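The values are calculated or read from the model by the stated rules, or taken from the named source; none is laboratory data. Predicted model only: the values in this text are computed from it and were never measured. Cβ: placed from backbone, ideal geometry, glycine included. Neighbour counts: every protein chain shown. For accessibility, only protein heavy atoms count, side chains too; no ligands or nucleic acids. Shrake-Rupley method; radii C 1.70, N 1.55, O 1.52, S 1.80 Å.
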Amino acid sequence: MADDELEAIRRQRMAELQAKHGDPSKNQQQGDEAKQRETDMRNSILSQVLDQSARARLNNLALVKPEKANAVENYLIQMARCGSLGGKISDSGLIEILEKVIQQTEKTTVKFNRRKVMDSDEDDDDN
């Protein structure tokens, strides 16, 4: 009888721990579902905001430069949420937005070319 009680207590404690900390496989599954919902939401907003040619251009950009495509997508979603978009964005409108995003994210590099100082010894050798 003590073994049965001990086993019942173990099962109860195990159930409490799983409820408290969660099952790792369930947490991963919930995380995957959340990512899928977010991706679906982003795609639905972008399909409402962009026409077919602009959507195709954005998908092509995502293949080549995913970080820039993600920045443009975030910009478009933010504009859609604020209500600053009048209608669907055409391909030419997307090109303008791409140029704005590229200008904002473009890094400026400065390169110093130092002049070589002429040695006075070289002049003396010629004479």
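Which one of these is modelled with pLDDT under 90, touching an Asp or Glu at 6+ places or on another chain (Cβ under 8 Å) and over 12 Å from LEU46 (Cβ atoms): SER84, SER90?
Among SER84, SER90, only SER90 is modelled with pLDDT under 90, touching an Asp or Glu at 6+ places or on another chain (Cβ under 8 Å) and over 12 Å from LEU46 (Cβ atoms).
Quick one: in the range 37-95, of everything that is acidic (Asp, Glu) and touching a helix residue (DSSP H, G or I) at 6+ places or on another chain (Cβ under 7 Å), which residue is nearest to GLU106 (Cα to Cα)?
GLU73
Checking the structure you have, find out if any residue of the range 7-21 is touching an Asp or Glu at 6+ places or on another chain (Cβ under 8 Å), open to solvent by less than 80 Å² (accessible area, probe 1.4 Å) and more than 18 Å from LYS100 (Cα to Cα).
For the range 7-21, residues touching an Asp or Glu at 6+ places or on another chain (Cβ under 8 Å), open to solvent by less than 80 Å² (accessible area, probe 1.4 Å) and more than 18 Å from LYS100 (Cα to Cα): absent.
So, restricting to helices (runs of 4 or more DSSP H) that lie completely within the range 49-109, which ones have at least 1 residues that are among the polar types (S, T, N, Q) and farther than 19 Å from THR39 by Cβ?
52-64, 91-105
Could you tell me whether the range 76-94 includes any residue that is among the acidic types (Asp, Glu), over 15 Å from the mean Cα position of the chain (by Cα) and surrounded by 10 or more Cβ atoms within 10 Å (Cβ to Cβ)?
yes
Of all residues in the range 93-127, which are among the hydrophobic types (A, V, I, L, M, F, W, C) and at pLDDT 80 or above?
LEU94, ILE95, ILE97, LEU98, VAL101, ILE102, VAL110, PHE112
Under 7 Å by Cβ, and 6 or more places apart or on different chains, what pairs join a residue from the range 42-61 that is of a type in the set (S, T, N, Q) with one that is in a helix (DSSP H, G or I)?
So the pair list comes out as SER47/ARG55; SER53/ASP91.
Out of everything in the range 38-64 that is open to solvent by 70 Å² or more (accessible area, probe 1.4 Å) and modelled with pLDDT of 90 or more, what residue ends up being nearest to LEU98 (Cα to Cα)?
It comes out as ARG57.
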